[in-house]
Structure formats: C-alpha cells, structure tokens
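Report on one structure; see the data block that follows.
The values are calculated or read from the model by the stated rules, or taken from the named source; none is laboratory data. Small disclaimer: the values here were computed from a predicted structure and weren't measured. Cβ placement follows ideal geometry from the backbone for every residue including glycine, while neighbour counts extend to all protein chains displayed. When the accessible area is computed, the model is the full protein with side chains, heavy atoms only, and any ligands, DNA or RNA have been set aside. Shrake-Rupley method; radii C 1.70, N 1.55, O 1.52, S 1.80 Å.
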Amino acid sequence: MSLRRRLLCLLSDGEYHSGEALGAALGVSRMAVWKHIKALHELGIDISVHRGKGYRLPATLELLERECILAATTSSSAKAISDIHVHLEVDSTNNWIREVALNGAASGTVCVAEMQSAGRGRRGRTWVSPFAASLYMSLLWRSNCGAAALGGLSLVTGIAILRALQSLGIEGAGLKWPNDVLAGTEKLAGVLIDVIGESSGPCALIVGVGINMNMPGEAAHAIDQSWTDLHRLDGDSALSRNELAGRVLSELIPVMELFEREGLQPFLDDWHRHDLVSGQRVDLLLPNEQISGTACGIDDGGALLVNTRDGRRRFLSGDVSLRVAP
C-alpha cells in the first residue's frame, strides 16, 4: 500500500490527526506528512488543516478495498476473478487494463480506482471522475469468439448494471442504446468497451463501468450532459462503493459467460423491458449526417431500429450518437 493511501486510511475516520501522530504512524517526518497532504490536495481531496488540531477529512471516507469487494461478490463470480487491483489514481481504468492485457494479464483481471485523471466515455468524451465520488471499474475478459461475434456487449453490460442496482433495492433506472444507464432523462452510469485482437480470432475485451454515486457539486460543473447519481436517486449517501463493485461483478461475470455462449438472444426481453428510448423521437448524429425518426427498439443483433421518412433503418453503435428529440 502506498504511503498516500495509508495516510488516507488514517484520516478516513473524519477526525483530527496531528502531523506528529500521522508521521509516527507512517514512519516519516511531520514535513513529509505535510508534503503528502499537499499532494493529496492537488488531486482534489479536501483535507482541512487546523492549527493545534492537525488534519482531517470533512467526513468519514470509505476507500476501495480488494478484500471488501471480493466479500461482496458471489462465490461463483469470485472464482472467475484472477485479481483485483486497487489504485489511488489512474489515467483511466480501461487504459490500465489495456496495458496489463498486452503484457499477458489473465482473464478476470479487475481494476478499480479512487479517481481517474483522464476518464473516458464513448466517442472521445471525458468521464468526470472525482476522488471517491463514484465507481470506476474495468474488467479484462479474454474470449476465443472473436470481436465480430461480440456485438451488443455494451447492451448486456448495461443490463448487468441494472441487475446490480436492483439487488441493492435501487429502482427507477433504465437503458439507453447503446451504453448508458439513465434515471429518467439523466445519465446515471455508462459503459465503455475496448477490444484488443482480431475480429475472428482470440481477443481481449475490456469492459469499463462508471457509476455516479455521490457527485460533488464542484465536479458536476464539468459534466456536459444531464446527469444524476445514486445519492439523488436513492437518498442513501452511505451506499458502499465496495459493495456496489462486488454486486456489479456478481452480475457482470455470469452475463459475460452467457453472452459468450449464446449471444444477445437471452437478454432481449430484459432490454426491451428497460428500453427508455423506444417509441420516442430521436436524432442520430453520424459522422456526415443527422437522421431523425422514431426509435423502435433493437433487433436480434443489438442494432438500433429507427423509423425514418425513408423507412425503417438499422444502426450499429460505432460512431453514432443518439439523442432523444426535445
């Protein structure tokens, strides 16, 4: 465990700790403690300083812990996890998994991070990732099916997220093609799939999941679309990120296994039941044109079906951006 993470663990009770006591616990000088506090401030972590009392976080803090995540994961899903890597900060959990995948990491490798400095969404968008405010997680899954046979993976990942939320008693969310979980019209969670390998041979799938949990107001100003978080949706600010990570893995891994064997077919009823866009007027932004029409669900291959003035058309995710018309 890094010294900065150990320092945060000491401060996680929300009480004041003197620089001297922190230094003694960490085996470093008071000046070294101050330097690490300053570095944590630069990461956007709010640590207050009070002369005569020391340092404190504004509230208790739950840090991500490998063992806590595993404890919240079903035993059958835990068997498919080769390891869980917990980081204070990464540029992107998907990028981190990509690097270890290229170096031979096993299927079932998981990366979670307290924050991302360059979190990614679809089509080059930024995923705002403040410290300990949300769940940022990626799973490496190796497959022999080939990338071409795995179209629709973002759809079934969205279903896994919904199931995980429902297992925690959180209702009111639905799906927006191809990779968003919404509450009403506001984005709650997103999925980012990266693929390494051949279209018809062995490949490595990187399944990235971001779920807004308790977004601080200052970070929210950087989000360029309507959003919500689990605190707003459920009103429970004490929801455990470790438990949520375990619940998502508990649902995601069996979904991946079934999807690899049988494709999208076993999930179509779930998708249609939770589809928030079907029947609505939509605009599709393609690289060279904009198309308007009425969404009418997905087909058996996961493509979006839209009734346009030129008839029904079929769209694969790719470079398509879907917006519900006002």
Query raised in the report: How much accessible area does Glu15 have with a 1.4 Å probe, in Å² rounded to the nearest 10?
Result: 110
Report task. On each of the three principal axes of the Cα atoms of the chain, give max minus min coordinate, whole Å, ordered largest first. Result -> 73, 43, 37
Query raised in the report: Ala21 versus Asp299, label points 7 Å from Cα toward the beta carbon: distance in nm?
Result: 6.6
Report summary line: Residue-normalised value, i.e. accessible area per residue, for the stretch 25-143 at 1.4 Å probe, in Å², stands at 48
Report summary line: Expressed as a percent, the accessible surface of the chain that is carbon or sulfur, using a 1.4 Å probe and the full set of protein chains, is 46
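Which three numbers, in whole Å and largest first, are the semi-axes of the equivalent ellipsoid of the stretch 171-325 derived from its Cα gyration tensor as √(5λ)?
27, 22, 15
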Query raised in the report: Using a ≥ b ≥ c from the Cα gyration tensor of the stretch 36-169 (square roots of the eigenvalues), is it rounded, prolate or oblate, where a/c under 1.5 gives rounded and otherwise the larger of a/b and b/c decides, a/b for prolate?
Result: prolate
**Report entry** Efficiency of FRET between Lys79 and Ala325 - r from beta-carbon atoms, R0 35 angstrom, step 0.05
**Finding:** 0.15
Query raised in the report: To the nearest 20 debye, what charge dipole does the stretch 22-113 have about its Cα centre, counting +1 at the Cβ of each Lys and Arg and -1 at the Cβ of each Asp and Glu?
Result: 460
Query raised in the report: Size of the dipole of the chain about the Cα centre, Lys and Arg at +1 and Asp and Glu at -1 on the beta carbon, nothing else charged, in debye to 20?
Result: 560
Query raised in the report: With r defined as the distance between the Cβ atoms of Val49 and Val195 and R0 fixed at 56 Å, what FRET efficiency is calculated, to the nearest 0.05?
Result: 0.75
Query raised in the report: Taking Cα centroids, how far is the stretch 249-326 from the stretch 181-211 in Å?
Result: 14
**Report entry** Residues of the stretch 229-325: accessible area per residue with a 1.4 Å probe, Å²
**Finding:** 50
Query raised in the report: So, in nm, how far is label Ala39 from label Cys145 when the simple model puts each one 7 Å beyond its Cα toward the Cβ?
Result: 4.3
Query raised in the report: How much accessible surface area, in Å² rounded to 10, belongs to the heavy atoms of Arg120 with a 1.4 Å probe?
Result: 90
Query raised in the report: So what is the orientation-averaged projected area of the stretch 59-98, using the convex hull of its C-alpha atoms, in nm²?
Result: 3.9
Report task. Quote the convex hull volume per residue of the stretch 1-81, based on C-alpha atoms, as a whole number of Å³. Result -> 106
